Structure formats: structure tokens, C-alpha cells
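Asks: The structure under discussion is supplied below as C-alpha cells; questions concerning it will follow.
The values are calculated or read from the model by the stated rules, or taken from the named source; none is laboratory data. Everything numeric here is computed off the predicted structure, so don't read it as measured data. Methodologically, a virtual Cβ is constructed for each residue, glycine included, from the backbone with ideal geometry; neighbour enumeration extends over all protein chains shown. Each accessible area value is taken on the protein alone, full model and side chains, heavy atoms only, with ligands, DNA and RNA left out. Shrake-Rupley method; radii C 1.70, N 1.55, O 1.52, S 1.80 Å.
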Amino acid sequence: MDLFGEYMLTSSKYVLIILSLVIIIRCIRSMLSERYEPEVWAYLSHNGQVHSLTHWENIIGRSHSSDLRLTSPGVSRVAAVLRRSDKGEWRIHDIFSKGGVWVNGVKTGSKGLPVIHGDQINIGGELLRFNDVSAEAKRKLESKRTAAGHRVSPSITVFELTVFQLFLLLQHALSAPAEHLPAVALAFTALIALQWCCYNITRFMNRSGFEIETLAFYLTSLGMSVSASSAPDEIYKQILLTIAAVVLFMILGWWLRRLDRTIKLRIPMAAFAGMLMLVNFVVSDAVLGAKNWLEIGGFSFQPSEIVKVCYIYAGASTLDRLFHRRNLYSFIVFSAFCVIILALSGDFGTALIFFSTFLVMSYLRSGSIATVLLAVSGAGLAGFLAISVKPYIAQRFASWGHAWEDIYDTGFQQTRAMSAAASGGLYGKGAGAGWLKDIFAANTDMVFAMVCEEQGLIIGVIMVLAVLTLAFFAVKSARNGRSSYYSIAACAAMSMLLVQLSLNVFGSLDMLPFTGVTFPFVSKGGTSLISCWMLMAFIKSADNRRDASFAVKIFEGSYSEEDEFKDNEQFPQTHFRPEDDPADWEVWQP
């Protein structure tokens, strides 16, 4: 490389760091600093006070955690759930009430009862009046909420990301062999075109929030750089898999827009996940002690990555189902099946990711620390048995923290990863200029060290910060999500990515046992990239900022103001649908 090339390489290192900091700061400012503005879907009047319903599912009871708290001793801690459907129809379900839940003098049955504007609800002797939000009122309420991207323009952030990608390409142009340069250039050109296409689609849908996609594309850009450095011969495949990942992200996000149809597909998704894992366990051959690859028609993929999406899709639940123990037990059995199959397959790292996600989801579903502690105790026993059956897992634990004692055997990968990361310093050697890429699994299991070597520790830390930003945003959004399904799914998706991130980073640096899992979005591997992008759809569905998410359908009121008088005049009593069983009807006797 001549003097001019050295100058360009050095300059590009500083530019990449500056652009990375600007991108992450702009995303943090837009995602985490804005004040929460609730959506109002209906109102409940009680003792002269009007309470706003800001979720599709609202707990009514005496508990402090209830959305509407009734302090009367006759009200159970958790008495009822008032739930809104995709069509704007409301229904109330009796959960654990002492004296039942009554709507206009009729007792709710096992399936609940519909509730319309003006209906009177009786819970434990406490009378509430339900008031729906008209279409005009909904439009007025929405106009007062701040649109996403109001403070930080997403188009400018995407433009800065494009410049970042072009400077990454510049580094590869300075170091890549001439025969690989056209493929690398095509890869980054396709990635830039893909992200702008994705951005324009969201703008066409009148959505102004693009921070989640921006962070995902930032990490994917680093992943493309890793592929260009370590496996330029497979760069065309990586392009196609990236396109497929983004397309599946958009499809899943569109599907999640309607909660009713999403919930109906949970059991088929769970059955598909179970079948896929069982086929993988029976058919696939062990590679380095683990059965985690399945080959169909010459195409190999990791079934566990697809099962991650199915697991969260099937495991999330709505409030009216959360309190039924049968549903919780079914989820525990499904989780145990997934973890046991993974443990028997020798994929200890992925089994740990699934189990950690199970702990998060079980707590969100049950709210019980005792349930989590019981699960941890059971996992401890299962882990002991796994170590007894799979000796190589015990060997990984034995070498943990002792990598430098055997640098040619048990500590071979970790010592090389730590040496390469240290040699990159703060600013890195430049894309394609490192030596760790020639070590086995450097672009997958040790990709954090590879990025630190080529791009420097600063960008390595920013890469981790990008995932943490998504995690904080998921938690913030989950607290205010429209439905518990979206909230649980978003938290579960991020917990899965965080555990995966921790095992990859700390495992390659010998701070945790080396389990061989990928870094989200960055590690080379099509199935892993696809699953990470699809998990983003769950986080996107929990984002209820105004005009923020294409995975959130924009709703208007369920009726017009001129229909209000008509409803109260024609339907003084509760509506009943064909699925309601008249045998369940009881008349309120005060």
C-alpha cells in the first residue's frame, strides 16, 4: 500500500468511529429520551372519576398492579380483564372475582361478555360505566401525540449510515485482492439499496420511526464487512440471505399488525418448532459434538435459529390467557422440550439462550419469583446431568478462566481472540487487514474479537451499545405496549439477543465458558441473521409511538359520534353473539 493508501486508511478509521458515535447517539436520543405519550382507547367512569384505558387489555382489581384499582373489600385482587379486539370490539373476562362480573345485570360466562359504549359493569358491588372513544375523538387524541422522528430526522441518520458503509467499502478496496473487489462492492451497494428501499417502504406507509431498522442495518453492515474479510467467495450468498432476512422481517411485522390472527397461529407455530427440532435431532449428524445443522437439498441451516422465532411467537400470551394455569403449564412443557432436545443434541450454548429466555417469559407470564427459582433449580439438576452425559461440556467449564494454560488445545481459540482484539487497539487495523479471520470460527463464535482487531475497540464497544440500546427501548416500549402479547414478545426477543451477545463476547474473551454462539447480526451465517431480523419484528410491534412502527396498525374509533345515541337507544342491554352460551347467563340480584 502506497503513502496515499495509508493516509486514506488512517483517515477512514477516524471517520468510521465518528459516524458510529453520531448514529448511535441519534438513535438513543430518538428512542430513549422522548416522553411517553399514552394511547387512549376508552374510558371507565367510577365514583365520579374518569379513568383512561391506555391498553388493549386492562386488569381490574384490588391489586396495586391493576390498570384500574378498586379499593372495595368486595373486589378480588385480580377480578377481571377488559380486552379490545383488532376490530375495536371490547369484551370483559371474569378472572378470579369473588362475586362475579356483571354487565348490565348479566353475569359473564366462561368466554366473557361483549361491552359497548354506555354499558354498566358491576364488580364486587362497584359500579363502572364504559365509554368508548369515537372516531373523531380518537383522531383528536392522536393529533396531540408527538410523531416518531420529530426530534431526530431518520432520513439524516440513514444517510449517515450510508456514508459509514461507503467508508467500510473504501477500507476493503484498499486491502481486498483485485479478484474479490467487484463482489465486495456489489455486496455493500446491495445493502445500501436494501436499507433505502426499506426506509422508503415505511415512509410510504406513513411511518416515521426507523431507529430499530437503522441499528439493525448498522450491525448488519459490520457483519457484511466480516464476511467480505473472511469469506469473500461466499459474499453473494450473504447478500441474498440479507435480503431474505429483511423481507421476512417486513412480512412478520405486517402479520403482527393484527393480534387476533397472530394468536390463532400460536399452536401451529409451536408444533412446527417441535417437529423441526425433533427432525434435526434424529436426522442430522454431530459436528464438533453438537447436532445443530440440518441439510435439506444441499442447503444447510440451523433449525434452532428458526425455532427461536417460533418459540417467542408461541410463548407470548395475552392477559385474558395469562391467568389460566393450563396455558402456563403448556408453555413450561414446550420450553422443557426445546431445552432438553438442545441439551441432548450437544448445543449447550443455544440451550442456555432458550432457558434464559424461558425465565424471562415465565416471570412475565406468572409474575412469580417462586416459579423462576423452581425453574432455575430444575435447570441446575439438568445441567449436572448434561455435563455427566456430555464430557466435552465439562471440559469447556474446566478450561474456563485457564485459556492461557493450554494455548494449543483447550485455550486455542480464546487466546487467539484475545491477542487479536488487543492488537487492534482503539482504532483497528482496517477491514480485511487482520489475521484472526484465518482462525477457525473467527467470523462466527469469535466475531467480536475479529471486529475489534479490524475496526478497533471503540467500534467494538459501540457494536455492543447498539444491542443494549435496542434492549432498553424494548423494555421501555413493553411497559406501555398495546397488548401483553407484544410486551412479552419484545422482552423475550431482546433477552434472547442479550444472552446471545453476552455468551459471544465474554466467551471469546474467556470471561465466560466458550459456548460457540453467534453475535447478533454481525456473525457470518444466514440462519442466524434471518432469526435476528425476525426477532426485531417483535420489538417493532411493541413500539406504540405515533406513526413509529409499520408493525402497528393505525386505528380509529370503533364507532362514530352520531352512532352513540343510536347504540344506547337500540341496545340498552349487553350485546350477545352466537358464540355466547345462553346457559351461562345469570341476572344480577343486588
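Asks: Looking only at segment 11-26, which residues are within 15 Å of ILE459 (Cβ to Cβ) and touching a residue at least 24 places away in the same chain (Cβ under 8 Å)?
Replies: SER12, LYS13, TYR14, VAL15, LEU16, ILE17, LEU19, SER20, LEU21, VAL22, ILE23, ILE24
Asks: Would you check which residues across segment 218-261 are farther than 28 Å from ARG26 by Cβ, open to solvent by less than 20 Å² (accessible area, probe 1.4 Å) and modelled with pLDDT of 90 or more and list them?
Replies: ILE235
Asks: Still on this model: Evaluate the following for ALA471: is it modelled with pLDDT of 90 or more, surrounded by fewer than 21 Cβ atoms within 10 Å (Cβ to Cβ), in contact with a helix residue (DSSP H, G or I) (Cβ under 6 Å, 6 or more places away or on another chain) and of a type in the set (A, V, I, L, M)?
Replies: In short, yes.
Asks: If you take the residues of segment 42-55 that are within 17 Å of ALA137 (Cα to Cα) and out of contact with any His (no Cβ under 9 Å at 6 or more places or on another chain), which of them is most open to solvent (accessible area, probe 1.4 Å)?
Replies: VAL50
Asks: Another one. What are the pairs, 6+ residues apart or on separate chains, where a residue within segment 212-228 that is closer than 15 Å to HIS172 by Cβ has its Cβ under 8 Å from a residue that is of a type in the set (Asp, Glu) and open to solvent by 10 Å² or more (accessible area, probe 1.4 Å)?
Replies: SER227/GLU234
Asks: Does segment 492-512 include one or more residues that are open to solvent by 20 Å² or more (accessible area, probe 1.4 Å) and in contact with a Lys or Arg (Cβ under 9 Å, 6 or more places away or on another chain)?
Replies: Among the residues of segment 492-512, not one is open to solvent by 20 Å² or more (accessible area, probe 1.4 Å) and in contact with a Lys or Arg (Cβ under 9 Å, 6 or more places away or on another chain), which makes the answer no.
Asks: LYS13 fails exactly one of the following numbered conditions: (1) open to solvent by 20 Å² or more (accessible area, probe 1.4 Å); (2) under 24 Å from the mean Cα position of the chain (by Cα). What is the number of that condition?
Replies: Unmet for LYS13, out of (1) open to solvent by 20 Å² or more (accessible area, probe 1.4 Å); (2) under 24 Å from the mean Cα position of the chain (by Cα): (2).
Quick grid of which residues meet (1) free of Cβ contacts under 8 Å to residues at least 24 places away in the same chain; (2) open to solvent by 30 Å² or more (accessible area, probe 1.4 Å); (3) under 25 Å from VAL475 (Cα atoms); (4) among the charged types (D, E, K, R):
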| site | (1), (2), (3), (4) |
| --- | --- |
| SER30 | no, no, yes, no |
| VAL40 | no, no, yes, no |
| ASP67 | yes, yes, yes, yes |
| THR71 | yes, yes, no, no |
| VAL103 | no, no, no, no |
| LEU128 | no, no, no, no |
| GLU136 | no, yes, no, yes |
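Asks: Among residues belonging to segment 179-214 that are of a type in the set (D, E, K, R) and open to solvent by less than 60 Å² (accessible area, probe 1.4 Å), point out the one that is farthest from ALA466 (Cα to Cα).
Replies: ARG207
Asks: Follow-up question, since we're still on this one. So ASP409 passes all but one of these: (1) under 29 Å from the mean Cα position of the chain (by Cα); (2) more than 28 Å from ALA228 (Cα to Cα); (3) assigned to a loop (DSSP other than H, G, I, E, B); (4) charged (D, E, K, R). Which condition number does it fail?
Replies: The one condition ASP409 does not meet is (1).
Asks: Can I ask one more? Could you name every one of the strands (runs of 3 or more DSSP E) located completely within segment 38-121 that has at least 1 residues being among the small types (Gly, Ala, Ser)?
Replies: Output list reads 42-46, 49-53, 57-61, 80-84.
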